Structures are given as structure tokens and as C-alpha cells.
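Report on the following structure.
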Amino acid sequence: MTIAVIRIHGRVQIDQKIEDTLRRLRLNKKYSCIILNPNQEQKGMIKKVKDFVAFGDVTLETLEKVIVARGKAIDKTKKVDAKKAAEAVSKNTKYSALNLRNVFRLHPPRKGINAKLQFPRGVLGDNKEGINELLLRML
């Protein structure tokens, strides 16, 4: 189960504990995204910051598009094969072994975002499969 976590809320008026948790998840800036196979600790951190991020199960095709569009290579001289990298990320391979940075910087979503409401009406919280549509709008 591969999960994409996107920070939606900015830095203003955030509790220090929430800010620390977001920093531990490597979500330092607004519209930054991580893709991970969470363990128990990471699941707890995502649950703690659910009012500030959008998360959900990402498909392999969407993951491949994110890597092609917004993936940054650590070593610029080496090429990254997006298809192999997407499969490896879904199998919990380290990003440094794939020559990728572990955070994806995304654009604000096209057609806007309703950020202050929880998932059935807005994007905050668990989007389940809806995160794929959001990610494609943010590329």
C-alpha cells in the first residue's frame, strides 16, 4: 500500500507539535508531497497531521507521472527510468538508491482547492483513491 501525502496548509498559525511532525515527514513547504509505504510510526504521524495534509492510496500510473513531471535527480548526470522507479518505490526501495530526491514539489491544483473542509467536501484528510485526481491536477 503506497500512500501519497501532500501538505495543503501553510506555516501560519500551526501548533509547534504539528509543525515538528510535518518536518519529520519532510513536508516543509506548502504543496510538497512525499510518497511512502508507511510503518506504524508514520501512520501515527499522518493521523496527527490529517487536518493539514491530504493523503490517500496512489496508483502506479499516477506515481509514474509524478516521477516524470516533478521528480528531481540527485546526480544530474544519471537518467532515471520512471517506470522502474515507480515500481521500486511501491516496493519500499530507498529514494537515494533510485537517484531521486524524496520530496516532490508540486504546483497549486488547477481549478482551485477547497482547503478548509474535510474530505467529503474539501481535500484535507484521507482522500482514498481521490488523491490520484488531485495529484494529476497539481503536476
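Within the bounds of the range 119-133, is there any residue that is outside any helix (DSSP H, G or I), among the small types (Gly, Ala, Ser) and at positive phi? Yes. For the range 74-106, a residue qualifies if it is more than 23 Å from Leu136 (Cβ to Cβ) and not hydroxyl-bearing (Ser, Thr, Tyr), and the qualifying residues are Ile74, Asp75, Lys76, Lys78, Lys79, Asn92, Lys94, Ala97, Asn99.
Considering only residues that are surrounded by 15 or more Cβ atoms within 10 Å (Cβ to Cβ), more than 13 Å from the chain's Cα centre (by Cα) and farther than 10 Å from Gly71 by Cβ, which ones fall in the range 96-113? Pro109, Ile113 - these are the residues of the range 96-113 that are surrounded by 15 or more Cβ atoms within 10 Å (Cβ to Cβ), more than 13 Å from the chain's Cα centre (by Cα) and farther than 10 Å from Gly71 by Cβ. Residues of the range 20-39 that are more than 15 Å from the chain's Cα centre (by Cα) and modelled with pLDDT under 95: Asn39 alone.
Restricting to the range 101-113, and then to whatever is part of a loop (DSSP other than H, G, I, E, B) and more than 21 Å from Asp57 (Cβ to Cβ), can you tell me which residue is modelled with the lowest pLDDT?
Of all residues in the range 101-113, those part of a loop (DSSP other than H, G, I, E, B) come to 101-103, 106-113.
Narrowing the set further to residues that are more than 21 Å from Asp57 (Cβ to Cβ) leaves 101, 107-108, 110-112.
On the way: Arg101: 91, His107: 94, Pro108: 92, Arg110: 91, Lys111: 87, Gly112: 84.
The qualifying residue modelled with the lowest pLDDT is Gly112.
Quick test for you: out of Glu87, Glu64, pick the one residue that is among the charged types (D, E, K, R), at pLDDT below 95, within 24 Å of Lys128 (Cβ to Cβ) and over 15 Å from the mean Cα position of the chain (by Cα).
Details: Glu64 fails: over 15 Å from the mean Cα position of the chain (by Cα).
Just a single option satisfies the conditions, and that option is Glu87.
The values are calculated or read from the model by the stated rules, or taken from the named source; none is laboratory data. Every value quoted in this text rests on a predicted model; they were computed, and no experiment measured them. Don't worry about glycine lacking a Cβ; one is built from the backbone with ideal geometry, like all the others, and counts go over all protein chains shown.
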